[in-house]
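Structure first, then comments.
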Amino acid sequence: VRIPVDLAERSYDVIVEEGARTRLAKLVAERAPRARLAAIVAPAALRSFDWFDLDPGVESVVVEVPDGESAKTLGVLEGLCEQLSGHRFSREDVLVGVGGGATTDLAGFAAAVYLRGVAVCHVPTTLLAQVDAAIGGKTAVDLAVGKNLVGAFHQPLGVLCDLEVLATLPERERRSGLGEVAKCWLLEGRTPEDARAASVAELTTVAVSLKAAIVAEDEREGGRRALLNYGHTLAHALEALQLAGASLDLTHGEAVAIGVAFAARLAARLGRVGRDEVALHDEVLDALGLASSMPPGVDLDGALAAMGRDKKARHDLAFVLDGPNGFELVPDVSTSEVRDALEDFQREGR
Ligand SMILES: NC(=O)c1ccc[n+]([C@@H]2O[C@H](COP(=O)([O-])OP(=O)(O)OC[C@H]3O[C@@H](n4cnc5c(N)ncnc54)[C@H](O)[C@@H]3O)[C@@H](O)[C@H]2O)c1
């Protein structure tokens, strides 16, 4: 399936199919015809998989980076840029990000800043990166004080979502991607029955299509792109608590799935939707195999503080919520309502 991301002169396609990676040479030839070198940025850990047989159709080098989130530092970025320079990587050449979202975020950011901007293609190899991270042009590395604090917008030339490479993905990483898929499924108003019946290709295509459409409409998150943050207010708070040392062990997608289940309950408490909407959320999460209850022992004051941290308004919290007008960003949910809803969610589970 070819899903266009329509951004005028920066438009590109996301290809979702078995074996999509074999299209890399064609993509490079079409979109970077003057490239003489492709620098494949990937964690060493992935090089041993059979599917790591990428052929960009031009001379290539593999630049190894640390695995996962540990690659998203300014230090790693500097080392990567120095290696590119050592390989005489020029403005006309092309970077290829191969790995999970951490790797594509790093490769994308390097492409945004090296020589003030070079071309990048992504071959995302986790479900999360395929449905989310590699699409949309947001790139970043972390600082010690927080995630994604140094970054840039830089759209790729193309994204190849190869379903074959997901065969080696650990179950937990697959579930993490399904958390974002569940979010998209609900935003799209799709049914639990369809979710149960859908193949990975269909699940991926639905999520990619929604992200592509929203990015095309709102590249920089002024309006509709905020909807992609459905479930993320609580998810980010749980991740912040985890980072600060709370005894939690959640992947991003697991946190999103919990956030989505909570958002439905909060919307019901505020009278925006009926309880049937809560049941629908739970059925979609179940259909995708996501347990998504609030982990026991979460410090609710800590979670509320984390949710309010970036907000100017001291007493209100912002959530994407369903309602009579569909999903929208609700900027002024009272902290006490959120607290009550969290207490219920923690006590009652789902
Ligand atoms: N830019 C964006 O819009 C955006 C959106 C969402 C998330 N993100 C970022 O994405 C990152 C999370 O991405 P992630 O969940 O993919 O994590 P990740 O990149 O850390 O990858 C998870 C693990 O899976 C391994 N892996 C990758 N592909 C594999 C495969 N096919 N088989 C076996 N193992 C494989 C990786 O080596 C890694 O150990 C975060 O840094 C997050 O900030 C960015």
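The values are calculated or read from the model by the stated rules, or taken from the named source; none is laboratory data. Since this is a predicted model, take the numbers as computed values, not measurements. Here Cβ is always computed from backbone atoms with ideal geometry, including for glycine, and neighbour counts include all displayed protein chains.
Here the condition is being touching a Cys at 6+ places or on another chain (Cβ under 7 Å) and closer than 21 Å to H154 by Cβ; of I3, I40, I15, it holds for I15 alone. Restricting T191, T168 to those that are more than 10 Å from the ligand (Cβ to nearest atom) and not aliphatic (A, V, I, L, M) reduces the list to T191. When the range 172-192 is filtered for residues that are more than 11 Å from the chain's Cα centre (by Cα), among the hydroxyl-bearing types (S, T, Y) and surrounded by 24 or more Cβ atoms within 10 Å (Cβ to Cβ), nothing remains.
Would you pick out the residues in the range 30-52 that are within 13 Å of the ligand (Cβ to nearest atom) and not aromatic (F, W, Y)? Selection gives V41, A42, P43, A44, A45, L46, R47, S48, D50.
This table checks each residue for (1) at pLDDT below 95; (2) surrounded by 20 or more Cβ atoms within 10 Å (Cβ to Cβ); (3) farther than 30 Å from R91 by Cα; (4) more than 7 Å from the ligand (Cβ to nearest atom).
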{"site": "A119", "(1), (2), (3), (4)": "no, yes, no, yes"}
{"site": "H122", "(1), (2), (3), (4)": "no, yes, no, yes"}
{"site": "T125", "(1), (2), (3), (4)": "no, yes, no, no"}
{"site": "V141", "(1), (2), (3), (4)": "no, yes, no, yes"}
{"site": "A144", "(1), (2), (3), (4)": "yes, no, yes, yes"}
{"site": "N148", "(1), (2), (3), (4)": "yes, no, no, no"}
{"site": "Q155", "(1), (2), (3), (4)": "no, yes, no, yes"}
{"site": "V159", "(1), (2), (3), (4)": "no, yes, no, yes"}
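Restricting to the range 292-332, name every residue that is surrounded by 14 or more Cβ atoms within 10 Å (Cβ to Cβ) and closer than 19 Å to D249 by Cβ. Residues satisfying the conditions are S292, S293, M294, P295, V298, L300, G302, A303, A306. Cβ-Cβ distances below 9 Å connect the following pairs, each with a first residue in the range 97-114 that is within 19 Å of R172 (Cα to Cα), a second residue that is assigned to a helix (DSSP H, G or I) and more than 9 Å from the ligand (Cβ to nearest atom), and a separation of six or more residues or different chains: G99/A107. For E30, the requirement of being at pLDDT 95 or above and within 22 Å of the chain's Cα centre (by Cα) is not met.
Of all residues in the range 84-91, one or more are more than 10 Å from the ligand (Cβ to nearest atom), hydroxyl-bearing (S, T, Y) and at pLDDT 95 or above. Of all residues in the range 63-83, those satisfying the criterion of being of a type outside the set (D, E, K, R) and either in contact with a helix residue (DSSP H, G or I) (Cβ under 6 Å, 6 or more places away or on another chain) or within 14 Å of the ligand (Cβ to nearest atom) (or both) are V63, V65, P66, G68, S70, A71, T73, V76, L77, L80, C81. Screening S292 on (1) in contact with a Pro (Cβ under 8 Å, 6 or more places away or on another chain); (2) at positive phi shows it passes everything except condition (1). In this structure, is D55 of a type in the set (D, E, K, R), at pLDDT 95 or above and within 9 Å of the ligand (Cβ to nearest atom)? Criteria not met by D55. Pairing each residue of the range 34-48 that is more than 17 Å from G79 (Cβ to Cβ) with any residue that is more than 14 Å from the ligand (Cβ to nearest atom) and hydroxyl-bearing (S, T, Y), provided the two are 6+ apart or on different chains, yields C-beta distances under 6 Å for A38/S60. Considering the range 160-219, the qualifying helices (runs of 4 or more DSSP H), each wholly inside and each with 1 or more residues that are hydroxyl-bearing (S, T, Y), run over 171-187, 200-217.
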